[in-house]
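Chemist: To start, I am sharing the structure in question, which I have written as structure tokens.
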Amino acid sequence: MDEAKEVLKKNNHGTFTIPASGIYPHQWLWDSCFIAIGLRHYDVGRAQDELKSILRGQWTNGMLPHMLLMHHKKPTKHEYIWRAELNPFSPDNVSTSGITQPPILAEAAFLVGQKLNAPERKSFYSRMVPELIRYHSWLYEERDPRDEGLLTIFHPWESGMDNSPALLSVIRESYFPIWIRIVEALHLQVLANISRLDTKRHIHLEERTEVVDELLLYTLQRRLRAKKYNSAQIFRNPHFAVQDIGFNSIAIRSNKSLQKMADTVNMTLPQKLLDKFALAEKAIEALWDPTSGQYYSRDFTTKRHIRLSTVASLLPLYSGVIPKDRAEKLIANLRNEKTFASECPVPSVSMSEAKFDADRYWQGASWVNTNWMLITALREHKQTELAKALQTLTLRAIDQGGIREYFDAHSAKPLGAQNFSWTAALAIDLLAD
Ligand code: GLC
């Protein structure tokens, strides 16, 4: 507990917390949400600041960017990469990215509010609810053009699971520029790796995203920038548009939290938004694949399921709306030693997939934030023992390996960034239980 608090102290930059120094020197959207969930146990003031500080970056159309860039006298590499100012809705006084991340903010705000007394809670929710309404309205207005109740992401980074093989398979099929094919065919990865900062300065190569995948991700980001992050324009000819199962599961849960917060402060949500919320709860059914008995993300354009089983396929448990028989199937998968019950669970990709790689980033390694969401969900599904077992294994991996970014799904070897904020914060939350 003390070590975890120390990490959050070190990574604190005034009103917000960076994920880890060196490799992640800015503020990230869902990281700050997980961080606040830990902070609320011992410094609920700072937890509120953490979430309010996210709102600094909100675009005038309601969008919450996945990164708020740290202010420097000279523009940083990230500012050149993103150039959010190309979009007329980006804010003037803070530099941001041009995409979003899983919408867990409403849920985090709700949880922080639970630690406040009634008047303080009302005051905090009154600050958050109007901006959350704008964010959720933006999500459903801009990212659900067919009015299906399903949100579309434009980049794997928006899923929070950067190099998830399910998502990368879509880019590889629809958008594989010839020059990247040449890099791959001629094994020029070594050259391309020279320019990488994450592996050069911070982390071993075999633990990070593979280089060709990294090139594809950055190239896709440039395509979004070329379209000035304008959703309508991107939808016209998307290189990547996916109804992501993790993103939508989290959105559904947050929709409910937003409703509960609004009720607390007697605010009414717009009817249009309420209709979307209701539709979203039914629409998740379209992501169920009866043949394999699993939920999958779906390609927006082709409407085909992306049949590659990742930890995102389990997150409907966290949505709080799926039928009991479906939930049982997902829980069986969590218990299955051939799929998700590894020695150090829960692997980010099912062990049954050829792409599974126990120590590589979102390609198999286990992460504390997805474990935390699943532990929460398992308790709600009355799977007390399984929740407890996962909680124990998660805390054991951190206790033995340190407050690291992710862990080898078999050996529990600690991997990635050191002193990683959401691992610290969610460990605090798990210990508080
Ligand atoms: C990586 C993760 C993403 C996280 C970010 C900052 O990009 O994939 O989920 O938000 O790092 O920690």
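Chemist: Which count do you get for residues in the range 57-81 that are within 18 Å of L139 (Cα to Cα) and in contact with a Pro (Cβ under 8 Å, 6 or more places away or on another chain)? Step through it out loud before you land on a result.
Modeler: Within the range 57-81, the subset within 18 Å of L139 (Cα to Cα) is 57-67.
Now narrow it down to the ones that are in contact with a Pro (Cβ under 8 Å, 6 or more places away or on another chain): 57-60, 64.
Summing the residues that are within 18 Å of L139 (Cα to Cα) and in contact with a Pro (Cβ under 8 Å, 6 or more places away or on another chain) in the range 57-81 gives 5.
Chemist: Find all pairs meeting these conditions: Cβ atoms under 8 angstrom apart; at least six residues apart or on different chains; first residue within the range 207-218 and within 16 Å of L188 (Cα to Cα); second residue at pLDDT below 90 and among the β-branched types (V, I, T).
Modeler: V211/V183; V212/I180; V212/V183; L215/I180; L215/V183; L216/I180
Chemist: One residue is enough: does the range 137-160 have a residue meeting the conditions modelled with pLDDT of 95 or more, at positive phi and within 16 Å of the ligand (Cβ to nearest atom)?
Modeler: yes
Chemist: Just one of (1) touching a strand residue (DSSP E or B) at 6+ places or on another chain (Cβ under 9 Å); (2) surrounded by 17 or more Cβ atoms within 10 Å (Cβ to Cβ); (3) within 23 Å of V129 (Cα to Cα) trips up R56, so point out which.
Modeler: Single failed check for R56: (2).
Chemist: Might you let me know whether the range 99-114 holds any residue that is more than 17 Å from H66 (Cα to Cα), out of contact with any Asp or Glu (no Cβ under 6 Å at 6 or more places or on another chain) and of a type in the set (D, E)?
Modeler: no
Chemist: Every residue in the range 14-26 that is more than 10 Å from the ligand (Cβ to nearest atom) and closer than 24 Å to L430 by Cβ, please.
Modeler: Answer for the range 14-26, where residues must be more than 10 Å from the ligand (Cβ to nearest atom) and closer than 24 Å to L430 by Cβ: F16, T17, S21.
Chemist: Same structure, new question: Given (1) surrounded by 21 or more Cβ atoms within 10 Å (Cβ to Cβ); (2) closer than 18 Å to W138 by Cα, identify the lone condition not met by F240.
Modeler: So F240 meets the others, but not (2).
Chemist: Next question, about the same structure. When you check D325 against the structure, is it of a type in the set (D, E) and within 25 Å of R253 (Cα to Cα), yes or no?
Modeler: yes
Chemist: Looking at the range 289-308 only, could you name the residues that are of a type outside the set (D, E, K, R), without any contact (Cβ under 8 Å) to a residue 60 or more places away in the chain and within 22 Å of Q363 (Cα to Cα)?
Modeler: S292, G293, Q294, Y295, H305
Chemist: Which condition does R134 not pass, out of (1) surrounded by 15 or more Cβ atoms within 10 Å (Cβ to Cβ); (2) away from the ligand (no atom under 16 Å from the Cβ); (3) not in a helix (DSSP H, G or I), if it passes all the others?
Modeler: With (1) surrounded by 15 or more Cβ atoms within 10 Å (Cβ to Cβ); (2) away from the ligand (no atom under 16 Å from the Cβ); (3) not in a helix (DSSP H, G or I) applied to R134, the lone miss is (3).
The values are calculated or read from the model by the stated rules, or taken from the named source; none is laboratory data. On a predicted model such as this, the values are computed, not experimentally measured, just so you know. Neighbour counts are summed over all protein chains in view; Cβ atoms, including those assigned to glycine, are modelled from backbone coordinates with ideal geometry.
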